Amino acid sequence: MPQTMTLTTEDADIKAAAEIIQDGGLVAFPTETVYGLGANALNSAASSAIYEAKGRPSDNPMIVHIADISALPQLVKGGRDGISIDAIRVMREFWPGPLTIVFKKSDIVPDVVTGGLDTVAVRMPSNEIAHRLLEEAGVPVAAPSANLSGKPSPTREWDVIEDMNGRINAIIMGGQCDVGIESTVLDLTGDEPVILRPGYITPEQISEVIGREVRYDEHLTNPEEDGDNFHPKSPGMKYKHYSPNARVRLIEADGDEYEKVVKELGIEAMDQGLKPALLNYEGDAEKAAHKLFADLRELDRRGYDIILIKTLDEEGFGFSVMNRMLRSAGYDVVGADYDAASPQLSEVEAYADAEVTPKESDVSGIPGINDRDFGDMEYTVVLDGKVE
């Protein structure tokens with residue numbers, strides 16, 4: 001594939017991006033959640049190319065994006081009759097926006113898009129740039145996050161360039177995404193509404209609209225249930241996700257106990273010759289969502305080996321952000337009772353033997369790549385056992 005083009009948000013470039021999608025190519029574009037990697041969802045070959053570009057497992061379903069509600073019936077089994085009253089209610093309340101709804105799929109949707117499932121996940125983004133692209137393309141667009149599989153989702157155009165340059169046709173340079181984590185995925189194909197992936201829209205908000213309880217899928221609260229035979233109905237359910245090259249560890253402690261654990265982990269890392277950093281969003285879930293993925297990527301670029309993150313309260317939107325933090329850390333959570341001498345918790349030495357060199361990306365020739373502004377980057381570096 002030729003070098004990836006960078007496109008502006010001007011009308012001519014949006015039209016060019018739409019033509020690439022119509023011709024079976026791949027375009028990364030901003031949404032209100034994260035950047036998506038889009039292809040014509042009704043073109044099997046184009047959609048398959050997404051898996052190749054991302055290195056994505058083929059049983060991991062993708063979300064289909066539409067510009068208008070009129071595009072939905074063709075994707076759903078039974079057309080309009082296959083759209084439930086619950087679905088109509090939540091679409092009226094939350095579309096366009098960061099909510100994906102799972103329906104039974106029609107025959108027109110290729111199996112490659114749904115990971116071989118008989119369901120299809122659909123959403124209508126509220127981001128103005130995404131809407132213009134979808135409208136101009138005139139086709140449903142399959143679009144997972146525009147990153148290499150398993151890495152933190154991209155929330156800025158430079159993150160996309162780092163992972164996708166030379167792998168896709170074009171990137172629309174649309175600035176930083178507003179929300180910062182992926183959409184809520186709501187499954188309405190069963191007897192009760194189930195959230196398969198938590199996001200900005202919470203179960204409490206959905207419950208208020210449809211008048212009945214909405215629960216989380218058991219795999220979100222019991223990750224050990226993920227086995228080889230588990231077939232995810234939504235992206236973000238099965239495979240290791242959102243992980244930088246650095247090791248991520250979460251700290252679940254407050255006050256003096258928190259300071260103590262931070263210092264012990266920092267000293268332990270430096271004793272192993274590793275460079276640690278600390279992220280603390282001070283309990284602000286929206287701030288954490290907006291910044292987490294960008295912060296993880298930037299700390300990777302700056303060569304940190306271990307990233308310590310203070311946990312959040314898991315009420316409401318906090319549960320969604322903690323889901324991303326836990327998966328990025330591989331569920332490695334250190335509590336207030338941490339003992340650096342404890343063999344079951346002290347795993348830094350083993351990690352020090354692993355490959356922790358930040359990934360090198362070929363971004364030569366991309367205009368402005370060396371002029372990125374990371375002025376809003378906020379993190380604390382742990383040095384000499386002190387929180388600086």
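Rule-based calculations on the coordinates, nothing more; no lab input. Remember, predicted model here, so these are calculated numbers, not experimental data. Cβ atoms come from the backbone with ideal geometry, glycine included; neighbour counts cover every protein chain shown.
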message: Given a Förster distance of 35 Å, report the FRET efficiency between Asp11 and Glu93 from their Cβ-Cβ distance, rounded to the nearest 0.05.
response: 0.70
query: How do Arg92, Arg324, Arg215, Arg301 line up, fewest other C-beta atoms within 10 Å first?
result: Arg92, Arg215, Arg301, Arg324
query: How many angstrom separate the Cα center of the stretch 43-112 from the Cα center of the stretch 259-295?
result: 37 Å
- line: Computed over the stretch 274-334, the Cα gyration tensor eigenvalues, each multiplied by 5 and square-rooted, give semi-axes in Å (largest first) of 20, 12, 10
message: To the nearest 20 Debye, how big is the dipole of the stretch 5-183 about its Cα centre, given +1 on the beta carbon of each Lys and Arg and -1 on that of each Asp and Glu?
response: 460 debye
query: Residue by residue through the stretch 260-273, which ³J(HN,Hα) values in whole Hz follow from phi under the Karplus form 6.51 cos²θ - 1.76 cosθ + 1.60 (θ = phi - 60°), with glycine and proline marked x?
result: 4, 5, 4, 5, 5, 5, x, 5, 4, 5, 5, 4, 8, x
- line: Under the Karplus relation with 6.51, -1.76 and 1.60 and θ = phi - 60°, whole-Hz ³J(HN,Hα) for the stretch 47-57, x at Gly and Pro, equal 5, 4, 5, 4, 4, 5, 5, 8, x, 8, x
- line: In order over the stretch 59-73: 3J(HN,Hα) from phi, Karplus 6.51/-1.76/1.60, θ = phi - 60°, whole Hz, x for each Gly or Pro, gives 9, 9, x, 10, 9, 9, 9, 10, 8, 8, 4, 5, 7, 6, x
message: Could you list Thr311, Thr221 so that the one with the fewest beta carbons within 10 Å of its beta carbon is first and the one with the most is last?
response: Thr221, Thr311
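Could you tell me which of the pairs Lys77/Lys287; Lys77/Lys291; Lys105/Lys291; Lys151/Lys263; Lys15/Lys291; Lys263/Lys287 are separated by over 32 angstrom between their Cα atoms in the structure shown?
Pairs exceeding the cut-off: Lys77/Lys287; Lys77/Lys291; Lys105/Lys291.
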statement: Cα-based Rg then Dmax for the stretch 5-183, in Å, read 14.8, 44
- prompt: Lys/Arg Cβ at +1, Asp/Glu Cβ at -1, dipole of the stretch 282-331 taken about the Cα centre: which of Ser320, Ile307, Ala285 is farthest positive-ward?
  reply: Ile307
